[in-house]
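Undergrad: Please read through the structure below; I'll follow up with questions.
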Amino acid sequence: MFVWPELNEIAREPPEEACNSLLDRLVNYAILSGQQVVVFGGQLGKNSYEGKDYFGLSLVFTGEKQTADDFIVTVFISLGYRCPGG
């Protein structure tokens, strides 16, 4: 969320409100581009959770010690993709 300058204002909201604002924007993008998966890092809880649906977005919450990036790399490797330089 912090990557996009226009979302910096949203980042100041309470975490749940900021996440919902971000998801609302991504729903509009998904309508135009097809199914999207959104991965949140484990700071939200101890257990990972996959498959929650938010108006057509597939949501994944990683475990407490797993970052969103780690999860994405693991999924890509399991699908047969190779990481650059590896």
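Undergrad: Tell me which residues come under 5 Å, amide H to amide H, from F40 once H is placed; ignore anything under 5 positions away on its chain.
TA: V60, F61, T62
Undergrad: With θ taken as phi - 60° and the coefficients 6.51, -1.76 and 1.60, list the Karplus ³J(HN,Hα) couplings across region 76-82 in order, rounded to whole Hz; mark glycine and proline as x.
TA: Karplus values, whole Hz, x for Gly and Pro: 4, 5, 5, 8, x, 7, 10.
Undergrad: Multiply the residue gap between E16 and Q36 by 0.36 nm, knock off their C-alpha separation, and tell me the result in nm, one decimal place.
TA: 5.2 nm
Read the figures in this text as sums done on the coordinates, not as results from a lab. Just so it is clear, the structure is predicted and the values come from calculations on it, not from any experiment.
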